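Q: I have a structure here, written as structure tokens, and I will follow up with some questions on it.
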Amino acid sequence: MQEQIANHTIQRASGRYAPPPEEEVEDDDGYTTRMPRSALRYGAGRPYTIQQGNRRIVLHPEPPPKKSKHYLVYIGIGMVAMLALWVGFQMLGSLWSEHQLDATYGFPRTYQVDEVVGHDDSTSHPTHFIFLNLKGRVVIIELPGGKSANARIYKRWENRHDCACWQSAVHLS
């Protein structure tokens, strides 16, 4: 088997193969092609007719219809609006509750009562209690028999471990 590279011919046992000779391509000015259908421009603004065989299509150019949004978009917007309303009403309810507590007990939260509990008191001179609550710190002041000289103060606070702790009574003298 021999190869001759210069002539581009390959000698084989079955025969010889010779590629076709390269010819120079001449520009044919007489050769014209049709313009592709996608590149045709039709008259804008007036009706035009396209005929294909015995079928005739008359096109009336109009602006494209406006695309409407999918119905789930409106449902999603409605759901977000309802969520915002629900959160708003929850916040409004919380503010109203806080306002009612402030109007009833004041701020800091205070409450006082006169009761007979058996600590140097009687029905004519009951024990006076003052309850204070300021941001979770509770203080109870007891005035037995209405006498401030024998006052007792009880303190309660919440520590880090959510353990309610009462401090022993403090006697004021």
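Read-outs: derived from the displayed coordinates by stated rules, not from any lab. Because the structure is a prediction, the values reported are computed rather than measured.
Q: Taking θ = phi - 60°, what integer Hz values does the Karplus form 6.51 cos²θ - 1.76 cosθ + 1.60 yield along the range 133-150, in sequence order, with x for Gly and Pro?
A: Here the 3J(HN,Hα) series is 9, 10, 6, x, 8, 9, 10, 10, 10, 10, 10, x, x, x, 9, 6, 5, 9 Hz.
Q: What lysines could a cross-link reach from Lys155, if we take a straight Cα to Cα line under 18 Å and drop same-chain neighbours fewer than 8 places away?
A: Cross-link targets: Lys135.
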